[in-house]
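Trainee: There's a structure below that I have some questions on.
Here, each number is a calculation from the coordinates, and none is a lab measurement. From a predicted model like this one, the values you see are computed outputs, not experimental measurements. A quick note on method: Cβ atoms are made from the backbone with ideal geometry, for glycine too, and the neighbour counts reach across all protein chains shown.
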Amino acid sequence: MKIDNTTAAVVTGGASGLGKASAEALAKAGAKVAIFDINDKAGEAVAKEIGGVFCKVDIMSEESVVAGFEKARAAHGQERVCVHCAMTARRGKTLSFDKETHAYKRTPTEDYAFGVQGILVASYRIASLSALGMAGAQAMEDGERGLIVLTASVAAQDAQIGQVIYGSAKAGVNGLVLPMARDLMDVGIRVNSIMPGIFATPLMLGAPQKVLDSLAASVPFPKRLGKPEEFASLVLELTRNTYFNGQCLRLDGAIRMAPR
């Protein structure tokens, strides 16, 4: 797909981190970008910086997401690229030992369900509603009508202790990719996911320097955290290279996460 000033894009989680880098890269390439985020102040600032539009969207709410797409399409037309980076989840081990009660306790099912809603169900919600709009757009080269990029994680394949919610939900995101790509093949919509490793996002950079140094050292090569701009670069390649479809791509410096 050619990226120019006729290309509309939606990026969820675009107010910071991987989403912000993706929004900036798409805008720099010429696209008109709508940012979906729950953070008003940061989202408005990024939208202003890139000449885009901000849509306050709660990915846990169907009504909010539908309204976001309506606002984005009113401003820029039907999006041809949808990059989904936003998520919400909770942490917890399947079982953990409580030193006060000297007994095991489990992560509540409600916490697990919340994480699945915030990662997996939200990914389906964003992707399917975007696809519904793309399906009615005019076909481009190769009959293509759009691209959906989901954000999984290396935890989808080698989640660590305490990541039972996050790891399994991100594995579910990868599980969406091929059947959804096949569901949408007749309307010319591609679906892929990116599995980032340890990236220098604002959330990650809040960790102590000692922890960051240790994480960087654990990456085979290059021995550093990934740059959000490198994630965004892959988003651009997935957009431009139409033969990428149904793929779940690791972007991780060859790291394989240890159990803890």
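Trainee: Which FRET efficiency, nearest 0.05, do Leu178 and Phe97 yield, Cβ-Cβ r, R0 51 Å? Kindly include the intermediate steps, with their values, before the conclusion.
Mentor: Details: r = 39 Å, r/R0 = 0.76.
Once rounded, the FRET efficiency stands at 0.85.
Trainee: Order these by the 10 Å Cβ neighbour count, fewest first: Ile119, Ile194, Ile38, Ile161.
Mentor: Fewest-to-most Cβ neighbours within 10 Å comes out as Ile161, Ile38, Ile194, Ile119.
Trainee: Given the pairs Lys20/Lys48; Lys28/Lys71; Lys20/Lys41; Lys20/Lys227; Lys105/Lys170; Lys48/Lys71, which span a C-alpha to C-alpha distance of over 19 angstrom in this model?
Mentor: Where the Cα-Cα span goes over 19 Å, the pairs concerned are Lys28/Lys71; Lys105/Lys170.
Trainee: With axes computed from alpha carbons, what is the tilt in degrees of helix 164-183 against the longest principal axis of the chain, rounded to the nearest 10 within 0 to 90?
Mentor: Tilt relative to the chain: about 30 degrees.
Trainee: Simple spin-label model, 7 Å along Cα-to-Cβ: Glu229 to Glu49 in nm?
Mentor: Taking the two extended label points, one gets 1.3 nm.
Trainee: Relative to the longest principal axis of the chain, what angle (0 to 90°, nearest 10) does the C-alpha long axis of helix 228-240 take?
Mentor: Helix 228-240 and the main axis of the chain meet at about 40 degrees.
Trainee: Just going by the charge dipole of the chain, with Lys and Arg at +1 and Asp and Glu at -1 on Cβ, which of Ala9, Leu251, Leu26 is farthest out on the positive end?
Mentor: The residue sitting most towards the positive pole is Leu251.
Trainee: Quote the FRET efficiency, to the nearest 0.05, computed for Leu251 versus Tyr104 with a Förster distance R0 of 35 Å and r equal to the Cβ-Cβ distance.
Mentor: It comes out at approximately 0.45.
Trainee: Then there is this: Okay, helix-only estimate at 222 nm for the chain: each DSSP H run of n ≥ 4 adds -39500 (n - 2.57), divide by all residues, round to 500 deg cm²/dmol; what do you get?
Mentor: Helix-only estimate at 222 nm: -12500 deg cm²/dmol.
Trainee: What is the calculated FRET efficiency for Lys2 to Ala74, with r their C-beta to C-beta distance and R₀ = 22 Å, to the nearest 0.05?
Mentor: 0.40
Trainee: If the cut-off is 18 Å between C-alpha atoms, which lysines fall inside it for Lys223, apart from same-chain ones fewer than 8 positions away?
Mentor: The reachable lysines, counting only those whose Cα sits under 18 Å from Lys223, are Lys210.
Trainee: Another question, if that's okay. Of the candidates Leu236, Leu95, Leu178, which one comes out as most mobile in a Gaussian network treatment of the chain with C-alpha springs shorter than 10 Å?
Mentor: Checking each option, the largest mean-square fluctuation is seen for Leu95.
Trainee: Kirkwood hydrodynamic radius, the stretch 62-141, all distinct C-alpha pairs: what's the number in Å?
Mentor: 15.4 Å
Trainee: Among Ala103, Val116, Val173, which residue has its Cα positioned farthest towards the positive end of the charge dipole of the stretch 8-251, with +1 placed on the Cβ of Lys and Arg, -1 on the Cβ of Asp and Glu, and the dipole taken about the Cα centre?
Mentor: Ala103
Trainee: The stretch 195-245: which trypsin sites (Lys or Arg not before Pro) are DSSP loop and have at most 16 other beta-carbon atoms within 10 angstrom?
Mentor: Those that pass, being in a loop and sparsely packed, are Lys223, Arg224.
Trainee: Another question about this same structure. Using Cα springs under 10 Å in a Gaussian network model of the chain, which residue among Lys48, Lys20, Lys170 shows the largest mean-square fluctuation?
Mentor: Of the options given, Lys48 has the highest mean-square fluctuation.
Trainee: Another one. Return the distance in nm (one decimal) between the two label points of a simple spin-label model at Glu62 and Lys210, each offset 7 Å from Cα along Cα→Cβ.
Mentor: Once both label points are built, they end up 4.9 nm from each other.
Trainee: Sticking with this one: What share of Cα pairs, in percent, lie more than 17 angstrom apart in the stretch 32-82?
Mentor: Of all Cα-Cα distances in the stretch 32-82, 30 percent exceed 17 Å.
Trainee: Another question, then. Taking N as the number of residues in the chain, what is its alpha-carbon radius of gyration divided by 2.2 N^0.38 Å?
Mentor: That ratio works out to 1.01.
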